[in-house]
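Below: one structure, written as structure tokens.
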Amino acid sequence: MTPALGLGIASFGVSAVGAVGSHQSAQAQANAQNEAASSNYKYKMKIRERNWDREKFRYNRSVSQYKRNLSENALAANRAYASEQQKLNNIYKQASFRNQANLAQLVQGSDRAAAAGMTGRSAQRLDNQIVSQFGRNQAIAAESLFGAGMAYQDRVGSINRSLQGDNNKAYQNVAIQPQLGIAAPPPVMTPGPSPLGLVADLGGAAIGGYQTYNQLNDA
């Protein structure tokens, strides 16, 4: 091997090693960037999944509490309904007792008139007074019962509105269901160096080595 050929080969080798080293360095840098981008993407997706699990847990817990609130509201309303119904029943029971007492007074008044030997107009006048008083008592009782019934309806309506308001308030905590957050966009991978570039660099190294050989050979 002539010195010129040896130096030409050496020149090619140095240039080729540099080209390969540069190619590998660029490829390693691209690989590192892609690995970092991929790891960051996986981390973001894991955080998204954990946030979604946490939101679902919170919402499910709110739904359970909402159902308990509805049950408690219904029980409270039923107790209030029963109390109002009992009050109304007592009013009607008292009215029934008073009506029986009025009927008894009506019969007793007629019996007293008969026992006193009252006849004719005197007896009729007394009967009319007794019957009139009985009628007034019945009218008063009817008006009282009507008022009690209207008051009962008002209180029951208030209970209904309160129940609906409490249920609506409880529903606000579960009205909006959680939504899965928007996923992070997939990473854009950094392309590595083109193999064609390495081939071109190696070709350039070969040409440089050949030129070195020619220059030394001509000298």
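The values are calculated or read from the model by the stated rules, or taken from the named source; none is laboratory data. Every value quoted in this text rests on a predicted model; they were computed, and no experiment measured them. In this analysis, Cβ positions are derived from the backbone assuming ideal geometry, glycine residues included, and neighbour counts consider all displayed protein chains. What goes into the accessible areas is simple: the full protein's heavy atoms, side chains included, and nothing from ligands, DNA or RNA. Shrake-Rupley method; radii C 1.70, N 1.55, O 1.52, S 1.80 Å.
Based on the Cβ-Cβ distance from ILE176 to GLN153, what FRET efficiency comes out when R0 is 35 Å, to the nearest 0.05? If you can, show how the numbers build up before the last one.
Working: r = 36 Å, r/R0 = 1.04.
So the FRET efficiency works out to roughly 0.45.
Ligands, DNA and RNA excluded, the heavy atoms of PHE57 present near 120 Å² of accessible surface to a 1.4 Å solvent probe. Stokes-Einstein diffusion for region 26-85 at 10 °C, viscosity 1.306 mPa s, with a Kirkwood radius from C-alpha pairs, works out to 100 µm²/s. From a point 7 Å beyond the Cα of ASN99 in the direction of its Cβ, which residues of region 148-179 have a backbone N at a distance under 20 Å? Label zone hits: 148-153.
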